Amino acid sequence: MSQPHIHPSILSADFANLAGELERIHTADAVHVDVMDNHFVPNLTLGLPVVQALAERSELPLDVHLMIEDPDRWAPAYAQAGVQSVTFHAEAAAAPVRLARELRAAGTRSAMALRPATALEPYLDMLGELDMLLLMTVEPGFGGQAFLDLVLPKIRRARAAIDGSGKPIALQVDGGISRDTILRAAEAGADVFVAGSAVYGAPEPSVEIDALRNLVLAGHQNVQQ
Ligand code: DX5
Ligand code: ZN
């Protein structure tokens, strides 16, 4: 498994001061940007102009999580904004294989997300089209929800499938990740961890990011001993 990566979600940041909020997470591996359209999820956040502005300003790479309907139509424009990865939801995509290829062709990493109750198995044959698989550990839409342990078996199955594929596909978890839950997700096989309220709710977000990463690293050492 690769090094643990911590991606703070700016959903829990001060939207009136996004540039300042980026500086508070300078120890992160990338910035997770939640795009919600009020249709795929019952919440509305930000869209392409804000992602473009963040991409220009941020020294960290952007990890864009699209919780939108019709990603086949909208996702490629995000890929062209110069971001590290674009994640679309399997439940919303009409042609996920074609879309994953379009994202890569546009110069970004392709990623696909599954809601907690969406089965992994129908998508196993297309894993090779993805650079990252996101398994939601809450129902998407809002920060601050409780981690759903019922997703852990799916994380384990995804880890086994990724290892079996021999491809360097990242396995991301998003929702309810904190000092209390990150080890459970890591032990199940996740290696990229999104954390919103746990990071921005901490007194020093940059310190909290290091603490989360160190918990996973220490957990790996315990397993090896
Ligand atoms: C939820 C979003 C998450 C959210 C996570 O729909 O996709 O990225 O910001 O927030 P926490 O870490 O508070 O669960
Ligand atoms: Zn997210």
Item checked: Modelled FRET efficiency - R0 35 Å, Asp125 with Asp210, Cβ distances, 0.05 increments -> 0.40
Item checked: Cα-based shape type of segment 128-182, given that a ≥ b ≥ c are square roots of the gyration tensor eigenvalues and the cut on a/c is 1.5 -> prolate
Margin query: Can you give me the distance in nm between label points at Asp14 and Asp163, each placed 7 Å from the Cα along the Cα-to-Cβ direction?
Written below: 4.4 nm
Check: With charges only on Cβ, +1 for K and R and -1 for D and E, what is the dipole size of the chain about its Cα centre, in debye, rounded to 20?
Finding: 480 debye
Next item on the list: May I ask what percent, to the nearest 5, of DSSP beta bridges between residues of segment 5-224 are antiparallel?
Entry: 5 percent
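Within 14 Å, Cβ to Cβ, of Asn38, how many net charges do the neighbouring residues add up to if Lys/Arg are +1 and Asp/Glu are -1?
-4
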Next item on the list: Would you please give the FRET efficiency between Arg156 and Arg57, computed as 1/(1 + (r/R0)^6) with r the Cβ-Cβ distance and R0 = 45 Å, to the nearest 0.05?
Entry: 0.75
Checklist line | Highest-first arrangement of 207-213, 43-49, where packing means the average Cβ count within 10 Å | finding: 207-213, 43-49
Notebook entry, point to check: What ranking, highest mean first, results for peptides 133-141, 20-28 when packing means the other Cβ atoms within 10 Å averaged over each residue?
Noted result: 133-141, 20-28
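How much mean residue ellipticity at 222 nm does the chain get from its helices, if each DSSP H run of length 4 or more adds -39500 (n - 2.57) and you divide by all residues, to the nearest 500 deg cm²/dmol? Kindly include the intermediate steps, with their values, before the conclusion.
Working: 8 runs with 80 residues, N = 225.
It lands at -10500 deg cm²/dmol.
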Notebook entry, point to check: Counting only residues 5 or more places away or on other chains, whose amide H sits under 5 Å from the amide H of Gly144 once H atoms are built in the peptide plane?
Noted result: Gly176, Ser197
Item checked: Globularity index of the chain, i.e. its alpha-carbon radius of gyration over 2.2 N^0.38 Å -> 0.93
Next item on the list: Starting with the highest mean, order 50-61, 71-82, 168-179, 191-202 by the number of other Cβ atoms within 10 Å, averaged over the residues of each peptide.
Entry: 191-202, 168-179, 71-82, 50-61
Checklist line | Nitroxide proxy distance, nm - points 7 Å out along Cα→Cβ at Glu139 and Leu183 | finding: 3.0 nm
Check: Given 0.36 nm per residue, what is the gain on full extension from Ala105 to Gln221 after removing their alpha carbon distance, in nm?
Finding: 38.0 nm
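Bear in mind these aren't lab numbers, they're just calculated from the coordinates by the rules spelled out. The shown structure was predicted, so the numbers you read here are calculated from the model rather than taken from an experiment. Positions of Cβ are backbone-derived with ideal geometry, glycine not excepted, and every protein chain shown enters the neighbour counts.
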